[in-house]
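Here's the structure we're looking at; comments come further down.
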Amino acid sequence: MTDTIDIAVQVLRHGVGLPLPDYATDGAAGMDAVAALDAPLTLAPGDHSLFVIPAQAGTQFSTSTPARTAGSRPAPG
Amino acid sequence: MTDTIDIAVQVLRHGVGLPLPDYATDGAAGMDAVAALDAPLTLAPGDRAAVPTGLAMAIPPGFEVQVRPRSGLAAKHGLTVANAPGTIDSDYRGEVKVLLINLGPKPVVIERGMRIAQLVPAVVTRARLVEVDSLDDTARGSGGFGSTGH
């Protein structure tokens, strides 16, 4: 049995047309979020995009999260 | 008080003879999983590898297992888990592998039986995303990365 909560999401302008994060399988712990980039972004070895091109980084949605739930994680291996 | 769940594990052929993941101390949050390598593996600086544990598992629905780095390996060698915390989903039945990456300046040798990561079972809360036109206001608003200072 899994607890489920509702999270309100707002799709921002550059996220329009992209799928909302979703569970890939019935047993997936996490929802896969997609990149809402306007153009492809190349990461050189060692780069991390956030501080290189702040305007282009980020996902397409803002969330309103219940206070007790927080955090984000890398995708599963 | 700590909740305990049962997780069915299958020892794969190359894992035979190795200890099952276990808690090193009474208060340990994670079970140490060991490398089920046939031969030593050398990770050059910057290299990564999916290191087998010789185990497959059936995690009960509603739970996951997080794969976290071991602090000793990180401190001594710069060896960590590339996708930390890794997620083992409850419906995954393949071999558990640990994506180790060497962030240190020297090659690191990983040998069979070496404790490479810790496994932490956790409750999963799932979400239903409800699309709205606008979100409620908060004091923080849209202040994101770095917005709260150092």
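Worth a mention:
- Test: residue in region B:129-146 that is free of Cβ contacts under 8 Å to residues at least 60 places away in the same chain, within 12 Å of chain A (Cβ to nearest Cβ) and farther than 30 Å from A:G15 by Cβ: no
- Number of the exception - B:L41 against (1) among the hydrophobic types (A, V, I, L, M, F, W, C); (2) under 30 Å from A:D22 (Cβ atoms); (3) away from every other protein chain (no Cβ under 12 Å): (2)
- The number of residues in region B:69-112 being more than 8 Å from every other protein chain (Cβ to nearest Cβ), more than 23 Å from B:L20 (Cβ to Cβ) and of a type in the set (G, A, S) comes to 4.
- Residues of region B:64-120 that turn out to be in a strand (DSSP E or B) and surrounded by fewer than 17 Cβ atoms within 10 Å (Cβ to Cβ), as a count: 2
- Test for A:G15: is it modelled with pLDDT of 95 or more, more than 7 Å from chain B (Cβ to nearest Cβ), closer than 24 Å to B:G141 by Cα and under 14 Å from the mean Cα position of the chain (by Cα): yes
The values are calculated or read from the model by the stated rules, or taken from the named source; none is laboratory data. Everything numeric in this text was worked out from a predicted model, so none of it was measured. Glycine gets a Cβ as well: all are built from the backbone with ideal geometry, and neighbour counts include every protein chain shown.
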